[in-house]
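Chemist: Right, I'll just put the structure down here and ask away after.
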Amino acid sequence: MIELSFPIISVLIALPILGASLMPLIFKTSQKYIVIYAAIISFIELLLSFYAYRLILVNGTGGSYNFIEGPISIIRHFGIDYYVAMDGLSAPLVIITSMLSLLVVIGSRDLISDRKVLYYSLLLLFQGAIMGVFTSLNMILFYVFWDVVLIPMFLFIGIWGGPRRKYAAIKFFLFTFVGSIFMLFAFILIYFSVAPNSFNITDVAGRIPLGLQIISSVLFLIGFGVKLPIVPFHTWLPDAHVEAPAPISVLLAGLLLKMGGYGFLRFNIGLLPEASAQYAWVFILIGVITMFYGAFVALVQTDIKKMIALTSVNHMGFVILGAFTGTVFGISGAIFQMFTHAAAVGLMFMLSGYLHKVSGTRDITVIKGLKFTSPRLASLLVFGSMAAMALPIFSSFLSEYMVIVGAIAVNPIYAVIVAIPVITVAYFLWMLKRVVMSDPTTSRIRHHDLGNFSTLTLVLYLIPLVLTLVVPWLILGVSNPIAEVYVNLISSGVA
Amino acid sequence: MSTEINYLIPWLVFAIPILGALLMPIVARIGEKIRDYYAIFITLISAILCASMLPIALAGETFHHQVMWISALDITAGVLADPLSILMSNIVGWLSFSIMVYSMGYMKGENNMTRYWFLMVFFIGSMQLIIFSDNFLQLFFGWEGVGLCSYGLISFWNKDHKKDYVGTVGKKAWGIPLAYSPTHAGSKAFLMTRVGDASFLIGILTLFYFSGTFDFMELSKSHTWAVELAKSGLLIPVALFIFGGAIGKSAQFPLQEWLPDAMAGPTSVSALIHAATMVKAGVFLIARIGPIFVTAVENISLIMPFFEFVAWIGAITAFLAASQAMVSNELKKVLAYSTVSQIGFMMLAFGVAGLTSNFIVGYVAGFFHLTSHAIFKASLFMGAGAIIHQTHTKYLNEMGGLRKQMRLTFIAMTIGAASLAGIPLLSGFWSKDAILASILGVESSFTLIALYGLASITAIMTAFYSFRMIGMIFFGKKSRHLSKLEKSSGKHIHEAPVLMYAPYVILAILTLALGFTGPIYEGFLANSLGHHLEYAVGMEIHEHVFSINLIAVSTSILAVLVGCGSGYLFYINGKLNPIETVKNIPGLLTLQKFFVNRWYINSLYYIVFINGSLKLSQLIHKHVEVGILDKLNTVVPKFSIILSTLGGKFDKYIVDGTATRIANFNILISRNVRKIQTGITEQYVFFFALGIILLTLLLFG
């Protein structure tokens, strides 16, 4: 447990929101420096997150809450408190949030040209809200941040989206909003089940009766399952991704989906360990089905963005699977997987945006010989695919296989999921064969290549993936302590 | 001690090529010539480092060095330099060097050479990483690294021009085309080996779960894991899953189909990756884990089914591939099938090792064959490359009569082919003989007879196709294609440049040398590998003295006589006409078609796995994703409408007036989105953010 003399988490949450609200005032007349302004705020966020992360990593306090602020009562009679902290589960997500937000701000420079003030202020608002999601220790506070995240995302898709943006935006909103109602319902049930009534996670932990744990598990399954997403609640995802502009897809897949994974770990495992231990097989089964389903449906997609979106479904299955294995490998691997997936899929979505920009289409069957016409874009596409395929030159390999080890520990039969990376390889190779290779002369489309700056920003996505492969301690040093805490919770739940 | 070495050397053997490859794009900026020499120089340094470790191998000692890697999970990285890895690394290192030199000539004038050198050098580094890894996880990194480079190099000519296709365009078996573009072949290779890798991973992860370690040394020290595994009935499955990786990488049945098509890559690549080194990784893996499993179990009969499986896979593959090599019309494909077949022989030997009372006999035979095959097959491939380069054709029936015009190549390739055929006193003879002799030690008589029979028939076929190949290239009449070529260019076909022929001539000489010293080399292997297995791994080894087994020798000589004799009569002497013979003897034509169509295994895989999973995927997409789930979507808006009607105060934003027009999703959407576009959103967000800030200020104020 680390304490600091200044409220670092509140700064992480408030700074981007403050920055967002000042934006319309500062950039009323000229929008020249708007990207730089947003980037500076995101950069400060990144530095702060690094600082906090480093403290947790070096001190090895991932297993407990650090930088606790609160509880400060907001509405006393209803137990709504301002109560935030950061542990080994939050910290990797906070750091990847900061990284992706900064990269998205920079990356939007090339891809977004209209209504910039609104766009960048929403970006910052999104960042602040999601920081709140990953650090809240009060369930109502968590719920508020959770739904605040939806608003910028809804507007992103609805305003800057593709031709069917209206449909996709509403669909996205309804699905995730309905999901969160189930979650809220569970929170309220939990609130009344403990005496004295409380929404604070630290108060209710270990005091929820088994019957309610089971009911809450089902409610959470819907609430977090929509976000993760699990089959069959995933149908909003391909639509939202296809319509969303590329930088927003990065946020959507890179961060928003992680809220689901975070929720499963924080609430299902952390608060409902007995129910999670007893019914782990249900969740594992759902995870496995989700993975296979996502992989199979991805195989026939011709829109590269839809394919990547369904890859996310496939990859996020690993998170739910790992979480419910109840082993250090599985849980730590699930946290690691959220981190690596965010970086890998972020890169792929960004690339799909550039691909659309340079070739005018995202149709896999139309684009050909990208290697010859846009060598830089093509090389990055190959590297991004390798990261998504979990080849052992990026840390996505480690995270996926940690989850698999965890699953094998539960039951060797789960080793069948090793087939997933094979299918993933199949559709990525097929995509590469058609898009990157082949003879460009047979294609009528003329391409341009990436500029130096864009190339640099895209390469930045790969750095955490290589770094955490060479030194996995950077993540595991934080996530293993919390995984051990959860394993203890679950194993005492079994006994 | 005299065999002390610097602990950095085994690390450097793979680190230098891997890091050197990463610098390739930068070196390429200086100049093309410098880049080429740089690539070869790196390979040479790595090979010299390998050679510097030979004293350890000679003494049969072991050098082990570890560092912490994933501290949180207590996983270490390390190098293990024992006789097995040092000998293997020398084979790889020096063959790589000779093939890199050859590449200079063969790839002259090609574009994208930076990519070529990068992949080749990175490949060598990854291969050495496999060899020196002291644990499964690290080995797996190298394992995937070589697979990646193999993929990149098979698809090197990635514009997919028709001339770069492998196989004969237009031919089909069961409606599945038998010709593939380079990128198709590359993807196929990657995907098929990936199936093996998945199996490999299941194996090592399960093993890790039971033993808590990936480390080879620890695995052979502690035996509790084997007891635990055996108790849950998983010992044999785990061993077989790990073997699955070897099946994929070494193109053994049933994952053999990628290797023939991998010939779409440049010939230098085929020589290095698909003949001499990468495909041997699977064999190496078995050599690595075989002894561990043997020492881990209390009673060898517990693990025997595993070795029996390995032996059977090896024998079946050897037979299957040899039958296809006899009928192939593409020079490189003959060599590819032959590689698959010969690796089958090696697997057979390592499998047999566990079935006999003295492990070392089969073990040494397998490694001996690995050595001799690597050398003569690399030589044959490079020779074949030179021929293809000079004659502008890859088809055997478009060659012929080249023995005078390409004299050196003729001699070198004949030595290689003769060694492959197993002609006495050449390296292939000794090693194949050793394998046959080791089979005779198998205790179960059925297995003995069946394996020995398969191996002998394969030996006959091997001798036959070796002579067929030599005959079709160098003897007989000059083909129409060649006459036309000479006429159009106005020049006679001549020997390849020295940069090309020097490497394969030297390797041919090595084949001769190894042939003369065959028994001595075998004795040396038995000594140093045996010493290692006995003291470092802890196996019980009976001393193995070289002796001539009369049954084995007479079998191999008989096989040579039958195989080479018929090959000679058909293709060199010309007494018999192969086409007429096939037509005249009933059933042969069908059999030939069966072999040419690859036993229909390739087509079967395409129909079941490729078309099948696409079909399944389409069905799911059409009927489940679009058909059911998308339709169910209306449930969600309906639900939210009901909720909001009941509560009456849900965000206006979502439902807004739609309660009166229930269930029409589209209307719901269009109505609401109209709001977004009225321009009030900016204000909305502004006030929203302001509100939050005020709230925060109130809190801390």
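Chemist: Roughly how many debye, to the nearest 20, is the charge dipole of the range B:310-469 about its Cα centre, given +1 on each Lys and Arg Cβ, -1 on each Asp and Glu Cβ, and no other charges?
Modeler: Working: 9 positive and 4 negative charges, 117 e Å.
That gives a dipole near 560 debye.
Chemist: If you count only protein heavy atoms and use a 1.4 Å probe, how large is the accessible surface of residue A:448, to the nearest 10 Å²?
Modeler: Here the residue's solvent-accessible area equals roughly 120 Å².
Chemist: OK, next. Taking only DSSP H segments of four or more residues, each worth -39500 (n - 2.57), what value at 222 nm results for chain A once the sum is divided by all its residues, to the nearest 500 deg cm²/dmol?
Modeler: On the way: 21 runs with 352 residues, N = 495.
Mean residue ellipticity, 222 nm, calculated: -24000 deg cm²/dmol.
Chemist: Can you give the angle from 0 to 90° between the axis of helix A:34-59 and the longest principal axis of chain A, with both taken from C-alpha atoms, to the nearest 10?
Modeler: 50
Chemist: Hey, what D do you get for the range B:159-302 in µm²/s if you plug the Kirkwood alpha-carbon radius into Stokes-Einstein at 10 °C and 1.306 mPa s?
Modeler: Calculated translational D: 94 µm²/s.
Chemist: How big a patch of accessible area, both sides summed and in Å² to the nearest 100, lies buried between A and B at a 1.4 Å probe? Before the final figure, lay out each step's value.
Modeler: Details: alone 17730 and 30460 Å², together 41230 Å².
The buried area between A and B, both sides summed, comes to about 7000 Å².
Chemist: How large, in Å, is the range B:1-134 by the Kirkwood hydrodynamic radius built from its alpha-carbon pairs? Could you put the intermediate results ahead of the total?
Modeler: Values: mean 1/r = 0.0644 Å⁻¹.
When all Cα pairs of the range B:1-134 are included, the Kirkwood radius is 15.5 Å.
Chemist: Averaged over its residues, how many other protein chain Cβ atoms are within 10 Å of peptide A:169-175's Cβ atoms? Walk me through the numbers before you get to the answer.
Modeler: Numbers: counts 4, 11, 6, 0, 5, 13, 4.
Per residue, the number of nearby Cβ atoms from other chains is 6 on average.
Chemist: Can you give the mean number of other chain Cβ atoms that lie within 10 Å of the Cβ atoms in peptide A:296-308?
Modeler: Taking the mean over all residues of the peptide, I get 3.
Chemist: Under 8 Å for C-alpha pairs, at least 6 residues apart: give me the relative contact order for chain B, rounded to a whole percent. Walk me through the intermediate numbers first.
Modeler: Numbers: 1119 pairs, mean separation 82.9, N = 701.
Contact order relative to length: 12 percent.
Chemist: After finding the eigenvalues of the alpha carbon gyration tensor for the range B:243-330, what semi-axes result from the square roots of 5 times each, listed largest first in whole Å? Don't skip to the answer; put the middle values down first.
Modeler: Values: eigenvalues 169, 47, 13 Å².
Over the Cα atoms of the range B:243-330, the ellipsoid semi-axes are 29, 15, 8 Å.
Chemist: Could you please put B:274, B:621 in sequence from largest to smallest accessible area, using a 1.4 Å probe?
Modeler: Details: B:274 0, B:621 50 Å².
Accessible-area ranking of B:274, B:621, largest first: B:621, B:274.
Chemist: Next question. Determine one quarter of the surface area of the Cα convex hull of the range A:413-492, which equals its mean projected area, and express it in nm² to one decimal. Don't jump to the answer; show the numbers that get you there.
Modeler: Working: hull surface 38.0 nm².
For the range A:413-492, the mean projected area of the Cα convex hull comes to 9.5 nm².
Chemist: Would you work out if the protein assembly as shown is rounded, prolate or oblate? Take a ≥ b ≥ c from the square roots of the eigenvalues of the alpha-carbon gyration tensor; rounded if a/c is under 1.5, else prolate when a/b is larger than b/c, oblate otherwise.
Modeler: prolate
Chemist: Taking just the C-alpha trace of the range B:94-213, give me its Rg and Dmax in Å.
Modeler: Rg and Dmax of the range B:94-213, Cα atoms, are 17.6, 54 Å.
Chemist: Please list the three semi-axes, largest first and in whole Å, of the ellipsoid equivalent to chain B, using sqrt of 5 times the eigenvalues of its alpha carbon gyration tensor.
Modeler: On the way: eigenvalues 529, 229, 152 Å².
Result for chain B: semi-axes of 51, 34, 28 Å.
Chemist: Just reorder A:460, A:57 by solvent-accessible area, largest first, 1.4 Å probe, all chains present. Please report the intermediate quantities before stating the final value.
Modeler: Details: A:460 75, A:57 15 Å².
Result, largest first: A:460, A:57.
Chemist: Rounded to whole Å, give me the distance from the Cα center of the range B:541-617 to that of the range B:439-507.
Modeler: What the calculation gives is 13 Å, centre to centre.
Chemist: Using only atoms on other chains, find how many Cβ atoms lie within 10 Å of each Cβ of peptide B:117-129 and report the average.
Modeler: Values: counts 0, 0, 0, 0, 0, 0, 0, 0, 0, 0, 0, 0, 0.
Across B:117-129, the average partner-chain Cβ count within 10 Å equals 0.
Chemist: So for the range A:142-253, considering every pair of alpha-carbon atoms, how many percent are separated by more than 20 Å? Don't jump to the answer; show the numbers that get you there.
Modeler: Details: 2860 of 6216 pairs.
Here the tail beyond 20 Å accounts for 46 percent of pairs.
Chemist: Pick out, from B:57, B:326, B:366, the residue whose Cα sits farthest towards the positive end of the charge dipole of chain B, with +1 on the Cβ of Lys and Arg and -1 on the Cβ of Asp and Glu.
Modeler: Ranked along the dipole, the leading option is B:326.
Chemist: Note down the magnitude of the dipole of chain B about its Cα centre, charges +1 on Lys and Arg C-beta and -1 on Asp and Glu C-beta and zero elsewhere, to the nearest 20 debye. Can you show the working numbers first?
Modeler: On the way: 46 positive and 35 negative charges, 725 e Å.
The dipole magnitude comes to about 3480 debye.
Chemist: Turning to a different aspect of this structure: First measure r as the distance between the Cβ atoms of residue B:592 and residue A:30, then evaluate 1/(1 + (r/R0)^6) with R0 = 60 Å and state the FRET efficiency to the nearest 0.05.
Modeler: Details: r = 80 Å, r/R0 = 1.33.
It comes to 0.15.
Chemist: Continuing with this model, one more query. Could you calculate, for chain A, the ratio of the Cα radius of gyration to the Kirkwood radius, expressed as Rg to Rh?
Modeler: Answer for chain A: 0.96.
Chemist: Sticking with this structure for a sec: Tell me the relative contact order for chain A as a rounded percent, counting alpha carbon contacts under 8 Å between residues six or more apart.
Modeler: Result for chain A is 16 percent.
Chemist: Given the C-alpha centroids of the range B:370-410 and the range B:238-259, what is the distance between them in whole angstrom?
Modeler: Here the two parts' Cα centres lie 29 Å apart.
Chemist: Using a 1.4 Å probe and counting only protein heavy atoms, arrange A:99, A:1 so the residue with the most accessible area comes first.
Modeler: A:1, A:99
Chemist: With a 1.4 Å probe and all protein chains kept in place, how much accessible area does residue B:7 have, in Å² rounded to the nearest 10?
Modeler: Solvent-accessible area, nearest 10 Å²: 110 Å².
Chemist: Just how far, in whole angstrom, is the range B:85-136 from the range A:75-112 if you go by their alpha carbon centroids?
Modeler: So the separation of the two Cα centres works out to 46 Å.
Chemist: Let me ask something else. Would you mind putting A:251-264, B:493-506 in packing order, based on average other-beta-carbon counts within 10 Å, highest first?
Modeler: Numbers: A:251-264: 25.2, B:493-506: 18.7.
So the order, starting with the most tightly packed, is A:251-264, B:493-506.
Chemist: Working from Cα positions, state the angle (0 to 90°, nearest 10) between the long axis of helix A:116-135 and the longest principal axis of chain A.
Modeler: Once rounded, the angle reads 40 degrees.
Chemist: Given all pairs of different Cα atoms, what value in angstroms does the Kirkwood hydrodynamic radius of the range A:329-385 take?
Modeler: On the way: mean 1/r = 0.0793 Å⁻¹.
Computed over Cα pairs of the range A:329-385, the Kirkwood hydrodynamic radius comes out at 12.6 Å.
Chemist: What's the carbon and sulfur percent of the protein assembly as shown's accessible surface, probe 1.4 angstrom, rounded to a whole number?
Modeler: On the way: 27770 of 41230 Å².
Solvent-exposed carbon and sulfur of the protein assembly as shown make up 67 percent of the total.
Chemist: How large is the charge dipole for the range A:8-494, taken about the Cα centre, if only the Cβ atoms of Lys, Arg (+1) and Asp, Glu (-1) carry charge, to the nearest 20 debye? Walk me through the numbers on the way to the answer.
Modeler: Numbers: 26 positive and 17 negative charges, 291 e Å.
The dipole of the range A:8-494 has a size of about 1400 debye.
Chemist: Moving on to the next point. Which one of A:170, A:46, A:151 has its Cα pushed farthest toward the positive end of the charge dipole of the range A:42-200, where Lys and Arg give +1 and Asp and Glu give -1 at the Cβ?
Modeler: A:170
Chemist: Okay, moving on. For the Cα atoms of chain A, what angle does the longest principal axis make with the long axis of helix A:396-410, in degrees from 0 to 90, nearest 10?
Modeler: The helix A:396-410 is inclined about 40 degrees to chain A.
Chemist: Per-residue accessible area for residue B:118 at 1.4 Å probe radius, Å² rounded to 10?
Modeler: Looks like 60 Å² after rounding.
Chemist: Taking the Cα centre of the protein assembly as shown as the origin and placing charges on Cβ (Lys, Arg +1; Asp, Glu -1), which of A:16, B:28, B:582 is farthest toward the positive end of the dipole?
Modeler: Comparing the listed Cα positions along the dipole, B:582 ranks first.
Chemist: Are there GluC sites (Glu not before Pro) in the range B:535-581 that DSSP marks as loop and that have at most 13 other Cβ atoms within 10 Å, and which are they? Intermediate values should be presented prior to the final figure.
Modeler: Numbers: sites: B:540, B:543, B:580; in loops: B:540, B:543.
Within the range B:535-581, the qualifying GluC sites (Glu not before Pro) (loop, at most 13 other Cβ atoms within 10 Å) are B:540, B:543.
Chemist: Could you state the accessible area per residue of the range B:445-566 in Å², with a 1.4 Å probe and every protein chain left in place? Could the numbers behind the result be given before it?
Modeler: Details: 6140 Å² over 122 residues.
Here the per-residue accessible area is 50 Å².
Chemist: Considering the range B:384-473, what Rg and Dmax in Å follow from its alpha-carbon atoms?
Modeler: For the range B:384-473, the Cα radius of gyration and maximum Cα-Cα distance read 16.7, 52 Å.
The values are calculated or read from the model by the stated rules, or taken from the named source; none is laboratory data. Because the structure is a prediction, the values reported are computed rather than measured. Positions of Cβ are generated from backbone atoms using ideal geometry, with glycine treated the same way; all protein chains shown enter the neighbour counts. Calculation scope for accessible area: heavy atoms of the full protein, side chains included, ligands and nucleic acids excluded. Shrake-Rupley method; radii C 1.70, N 1.55, O 1.52, S 1.80 Å.
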